[in-house]
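The values are calculated or read from the model by the stated rules, or taken from the named source; none is laboratory data. Remember, it's a predicted structure, so these values are computed and weren't measured experimentally. All Cβ positions, even for glycine, are placed from backbone atoms using ideal geometry, and neighbour counts span all protein chains on display.
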Amino acid sequence: MNPWKYTALSMALLASQAQAENWVNVGTSSAGDPVFVDKDSIRHGADGLIHFMDKSFEMKSENAADCRRKIYYPVSLGDVPISHWHDHGQPHPKPGAKAELRYVCANLP
């Protein structure tokens, strides 16, 4: 048997696991739509904030949270980065973002 065949298969399996998503319904938006957080995406950022991915209406976005100060930061909307997102922290986020903030801060890695 060709050893490279098994090496390629192992690498493909590892790559697919790295992109695995673990979506958890954390609450609802102010419009009553479900809001999901990818539990596996929760991570400490170099900026001292907690970064994570969320999904609403099948659109995935990146967000950040300051758990100590309870501030929510939208980092991107879909694939579109939000410029100067550090300046747009929400200390009193809407219900969906508030549920995300609670969940993310309670499930830090």
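Among the residues of the range 36-59, write down those that are crowded, with 16+ Cβ neighbours inside 10 Å, farther than 17 Å from I71 by Cα and more than 11 Å from the chain's Cα centre (by Cα). Scanning the range 36-59 gives a single hit, S56. Applying the condition of being among the hydroxyl-bearing types (S, T, Y) and more than 23 Å from H86 (Cα to Cα) to the range 26-50 and asking which residue is modelled with the lowest pLDDT yields S30.
So, of the residues in the range 60-109 that are closer than 15 Å to V24 by Cα and small (G, A, S), which turns out to be surrounded by the fewest Cβ atoms within 10 Å (Cβ to Cβ)? Here the answer is A106.
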